[in-house]
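Here is the structure we will look at, set down as structure tokens.
The values are calculated or read from the model by the stated rules, or taken from the named source; none is laboratory data. In this text, all values refer to a predicted model and were calculated from it rather than measured experimentally. Because the Cβ atoms are built from the backbone with ideal geometry, glycine has one as well, and the counts that use them run over all protein chains shown. Each accessible area value is taken on the protein alone, full model and side chains, heavy atoms only, with ligands, DNA and RNA left out. Shrake-Rupley method; radii C 1.70, N 1.55, O 1.52, S 1.80 Å.
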Amino acid sequence: MVPIRAVGARALLDFPDRVVFKPGPVKYRTVRTLLVRNVGASSAVFETSVDNEAFALSPSHGELEASQSLQIEVSFEPHQAGSHQGHITVTYGTGEQVTISVSGEAEESNVRLEKQSLRLENTFISRSCMRTFKVFNRR
């Protein structure tokens, strides 16, 4: 006797193997849109999670029929300068998991003010005072 096990039609989402963000400023949100298609033969129920708080996905779960597509936004909003790496885990309704690496780099912005100091005139309760200054991006 030889046991035979058969697997029926399966769902398969064509996520990229890796998502890389270009270097950007700290505390600035950058978004990459992925077009994900179900190349499998059955409906795909999925849920996603990320192990690094600098990255987020929207929508984080869903259902996709065979041959249909869905846009998923991957966002990168670092709170510290430096290199950030993480993993996106896609969990199918069947319990199978796929891991996608995600990375990005954050850097401090090189900006300066037009003047080093700004003097405002004396104000009183019912009056206001206003000055204009410029911010230069030296990047």
All but one of (1) surrounded by 14 or more Cβ atoms within 10 Å (Cβ to Cβ); (2) assigned to a strand (DSSP E or B) hold for F15; state the number of the condition that does not hold. (2)
Every residue from segment 17-50 that is among the aliphatic types (A, V, I, L, M) and either farther than 14 Å from V90 by Cβ or without any contact (Cβ under 8 Å) to a residue 60 or more places away in the chain (or both): V20, V26, V31, L34, L35, V36, V39, A41, A44, V45, V50
Restricting the search to segment 74-102, which residues are open to solvent by 80 Å² or more (accessible area, probe 1.4 Å) and part of a strand (DSSP E or B)? Q85, H87, Q97, T99
Conditions (1) closer than 30 Å to A44 by Cβ; (2) touching a Pro at 6+ places or on another chain (Cβ under 6 Å); (3) of a type in the set (A, V, I, L, M, F, W, C): number failed by A106: (1)
With surrounded by 12 or more Cβ atoms within 10 Å (Cβ to Cβ) and under 15 Å from R18 (Cα atoms) as the only criterion, which of V45, V36 stands out? V36
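Yes/no per residue for (1) of a type in the set (S, T, N, Q); (2) within 23 Å of L12 (Cα to Cα); (3) out of contact with any strand residue (DSSP E or B) (no Cβ under 9 Å at 6 or more places or on another chain); (4) touching a residue at least 60 places away in the same chain (Cβ under 8 Å):
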site	(1), (2), (3), (4)
S69	yes, yes, no, no
T94	yes, yes, no, yes
E107	no, no, no, yes
N122	yes, no, yes, no
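One line per residue, one yes/no per condition, for (1) modelled with pLDDT of 95 or more; (2) more than 16 Å from the chain's Cα centre (by Cα); (3) not acidic (D, E):
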position: G24; (1), (2), (3): no, no, yes
position: V31; (1), (2), (3): yes, no, yes
position: R37; (1), (2), (3): yes, yes, yes
position: A56; (1), (2), (3): yes, no, yes
position: H84; (1), (2), (3): yes, no, yes
position: I88; (1), (2), (3): yes, no, yes
position: S103; (1), (2), (3): yes, no, yes
